[in-house]
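Written below as structure tokens is the structure these notes are about.
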């Protein structure tokens, strides 16, 4: 790590349960999310990422709107997505929205682009899933051209050509910080290096150190393409409470239900308590007391040479009040301890 590790949070705007056990209305989830972002800024965290989804269990389909609301009520925290599904969006509009967010936030906007681990946006916006790879490849190429803030000349197969067009607004200072979210594909790592974008590894299971070969591949590809060294980050789920036992008991029913629900769609088996405990002990679930979580984050940062670690603090229906408590402990106790461990 060339400089101090950045510590952030990510959320998909999960629909939480209220005190009576029923789902909180979408509008309230969105307002709660803004409050979580404001708290993250107050306790000194570096980044909040808001994911884009188009399904019943997540409230956020337009993350830039939520991020603008957070930016307007905060002073230092960087705001971005986790991720923007570029494949089912227009690259020019994506850039315009983030350039606008960057202006509103006085230069605090970042974008994390991805293909999306869920596919609901493709039929929703009239796109062919058979073009899954081509849509992302070509749209990423166009986005990279637009990001340079020069007249764009581009042609491909998934949309009409762009001929000598300038895109507005421009970013006030430099280029828009851009990451690519990668779930474990070597091809995606190499593609990220080709563009010289920051690499965000989504590690949601297994020992984090197993991603070290991807980091090595990224550095080798950067050298081959003659690109300067950008940032490397990790996104992983977790929850923080006063003690290990409290954190695990609070998280278990919500995390297991969420994994089970998504797993049914993808052919996974249900999560067992044993597998949950294993992920908490040695895997990529950062759940426990502040000291436990700090030690685990520091270990991952050392193993992978990270510039940023983003904790996905929202976990299914886990209540808003628990999320606020987790954020507060993360910013006030975990973050200083991680930096002490890495000093």
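No value in this document is a laboratory result; all are computed from the given coordinates. As the structure is a prediction and not an experimental result, all values here were calculated from the model. Cβ coordinates were reconstructed from backbone atoms using ideal geometry, including for glycine residues, and neighbour counts include every protein chain displayed.
Miscellaneous remarks
- Once the Cα atoms are used to define both axes, helix 212-225 deviates from the longest principal axis of the chain by about 20 degrees.
- The gain in end-to-end length when the residue 278 to residue 164 segment is fully stretched comes to 35.6 nm, 0.36 nm per residue minus the alpha carbon separation.
- Label-reachable residues, segment 5-19, where backbone N falls under 11 Å from a point 7 Å from residue 343's Cα toward its Cβ: none
- Amide N of segment 316-335 lying under 14 Å from the label point, which is placed 7 angstrom from the Cα of residue 242 along Cα→Cβ: 325-326, 329
- Rel. contact order, % - alpha carbon contacts under 8 angstrom, at least six apart, segment 137-263: 17
- Likely footprinting exposure, 163, 190, fewest C-beta neighbours within 10 Å first: 163, 190
- Most fluctuating residue given options 181, 37, 205, as computed from a GNM of the chain linking Cα atoms under 10 Å: 205
- Pairs of Cα atoms farther than 15 Å apart, segment 115-214, %: 70
- For segment 153-292, the spread of Cα positions along the three principal axes, ordered from largest to smallest, is 59, 32, 31 Å.
- Here the translational diffusion coefficient of segment 137-196 follows from Stokes-Einstein with Rh set to the Kirkwood radius across Cα pairs; for 25 °C and 0.890 mPa s it amounts to 190 µm²/s.
- Nearest-ten-degree value, helix 290-304 long axis tilted from longest Cα axis of the chain: 40
- Structure-based [θ]222 nm, the chain - -39500 (n - 2.57) summed over DSSP H runs of at least 4, per residue, nearest 500: -13500 deg cm²/dmol
- Dividing the radius of gyration of the alpha carbons in the chain by their Kirkwood radius gives 0.95 for Rg/Rh.
- Normalising the average separation of contacting C-alpha pairs (under 8 angstrom, six or more residues apart) by the number of residues puts the relative contact order of segment 6-342 at 19 percent.
- Three semi-axes describe the equivalent ellipsoid of segment 1-119; taken as square roots of 5 times the Cα gyration tensor eigenvalues and ordered largest first, they are 22, 19, 13 Å.
- Cα-Cα P(r), segment 50-139, percent of pairs per 10 Å interval: 17, 48, 28, 7, 0
- Listed residues 301, 223, 62, most fluctuating in the chain (Gaussian network, C-alpha, under 10 Å): 223
- Orientation-averaged projected area, Cα convex hull of segment 249-343 (nm²): 6.6
- Among 214, 286, 330, residue whose mean-square fluctuation peaks in a GNM of the chain (springs only between Cα atoms under 10 Å): 214
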